[in-house]
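Notes follow once the structure below has been shown.
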Amino acid sequence: MEENKIPAHIGFIMDGNGRWAKKRGLPRNFGHNKGAEVFKKTINWCRELGVKCATFYAFSTENWRRPTDEVEGIMNLLRRYIKDIRESAKENIRIIILGDITQLAEDIQFELSDIMDSTKDNDGFIVGIALNYGGRDEITRAARILAQKAANSEIAPEDISENSIEELLYTAEMPPLDLIIRPSGEQRLSNFLIWQAAYAEFVFMDVLWPDFSKKNLEYAISEYSARNRRFGGI
Ligand code: FPP
């Protein structure tokens, strides 16, 4: 595959964990366990295929509405995978957390801040993990910061540009988002990277996230590479 046909940044909506478990008569958290294993494998597949950055939707601002044991299960998975993430740092991987982590348990907040800080100079690959993330929340936060600056007369309203908003998004130091992959048959964004997706390609797939394979990833990339991205031109 030609190098410029490989997406630099892919967003993954890890959907279908609950249905995967239900089909097997297992509790939903079994699906999340399996989903977390696939998260880890997907990072390696992306690297092997020449992708530079992958962002995963792990927990949305709306996911707090789920039963407490399911939320706790996902948080415990996160605790467990933080160790793996630490190992990744040795492979020159940078970790960026997207979302308001101040609502998470203190031990998780501490670990995540530490990981972001200690991997910030790694330049081999970027893993984004969206946690307590919502796209509208991300844009609102940027608007609030700019409004405060304008109120303090640090900037004038006409100084506000797409660039000044983009610099305040969690993705500011990532390559532009090229492709979003959503498995599980659902065809919507669910508040994931809504600003960044303005010109991204979408590939929706019927596979449930715990069954997502390297072949599925290769298929999505080949779909992407066959498309003609015009960015509003002709
Ligand atoms: C969506 O499937 C999945 C989630 C809300 C949780 C995703 C979390 C993980 C894969 C594990 C934690 C991640 C890391 C980074 C360690 P769903 O439960 O909505 O599935 P359903 O639509 O079939 O019910």
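The values are calculated or read from the model by the stated rules, or taken from the named source; none is laboratory data. Note that this is a predicted model, so its numbers are computed, not measured. Neighbour counts are summed over all protein chains in view; Cβ atoms, including those assigned to glycine, are modelled from backbone coordinates with ideal geometry. Each accessible area value is taken on the protein alone, full model and side chains, heavy atoms only, with ligands, DNA and RNA left out. Shrake-Rupley method; radii C 1.70, N 1.55, O 1.52, S 1.80 Å.
Scanning region 74-108 for residues that are among the polar types (S, T, N, Q) and more than 15 Å from the ligand (Cβ to nearest atom), which turns out surrounded by the most Cβ atoms within 10 Å (Cβ to Cβ)?
The first filter runs over region 74-108 and keeps only residues among the polar types (S, T, N, Q), leaving 76, 88, 92, 102-103.
Filter once more, so that each one left must be more than 15 Å from the ligand (Cβ to nearest atom): 92, 102-103.
Details: Asn92: 13, Thr102: 8, Gln103: 11.
Ranking the qualifying residues of region 74-108, first place goes to Asn92.
Of the residues making up region 35-55, those that are buried (at least 19 other Cβ atoms within 10 Å of the Cβ) and either over 17 Å from Asn92 (Cβ atoms) or more than 12 Å from the ligand (Cβ to nearest atom) (or both) are Gly35, Ala36, Val38, Phe39, Thr42, Trp45, Cys46, Val51, Cys53, Thr55. Selection over region 57-112 of residues that are over 15 Å from the mean Cα position of the chain (by Cα) and among the hydroxyl-bearing types (Ser, Thr, Tyr) gives a count of 4.
Just so you know, in region 1-53 the residues that are more than 16 Å from the chain's Cα centre (by Cα) and aromatic (Phe, Trp, Tyr) include one that is farthest from Trp209 (Cα to Cα), and it is Phe30. Restricting attention to region 103-141, the residues that are among the β-branched types (Val, Ile, Thr) and either in contact with a strand residue (DSSP E or B) (Cβ under 6 Å, 6 or more places away or on another chain) or touching a residue at least 60 places away in the same chain (Cβ under 8 Å) (or both) add up to 5. For region 6-15, state whether one or more residues are among the β-branched types (Val, Ile, Thr), more than 10 Å from the ligand (Cβ to nearest atom) and open to solvent by 20 Å² or more (accessible area, probe 1.4 Å). Yes, region 6-15 contains at least one residue that is among the β-branched types (Val, Ile, Thr), more than 10 Å from the ligand (Cβ to nearest atom) and open to solvent by 20 Å² or more (accessible area, probe 1.4 Å).
Among the candidates Ser153, Ser164, which residue alone is over 21 Å from Phe12 (Cα atoms), small (Gly, Ala, Ser), more than 21 Å from the chain's Cα centre (by Cα) and not in a helix (DSSP H, G or I)?
Values: Ser164 fails: not in a helix (DSSP H, G or I).
Answer to the selection: Ser153.
Taken as a whole, the condition of being of a type in the set (Phe, Trp, Tyr) and open to solvent by 20 Å² or more (accessible area, probe 1.4 Å) applies to Phe30.
Glu2 falls short of the stated requirement of being open to solvent by 70 Å² or more (accessible area, probe 1.4 Å) and at pLDDT 95 or above.
Of all the helices (runs of 4 or more DSSP H) wholly in region 28-131, which have at least 2 residues that are at pLDDT 95 or above, hydroxyl-bearing (Ser, Thr, Tyr) and touching a Lys or Arg at 6+ places or on another chain (Cβ under 7 Å)?
Working: elements: 28-49, 68-89, 106-118.
Once the helices (runs of 4 or more DSSP H) in region 28-131 are filtered for at least 2 residues that are at pLDDT 95 or above, hydroxyl-bearing (Ser, Thr, Tyr) and touching a Lys or Arg at 6+ places or on another chain (Cβ under 7 Å), nothing remains.
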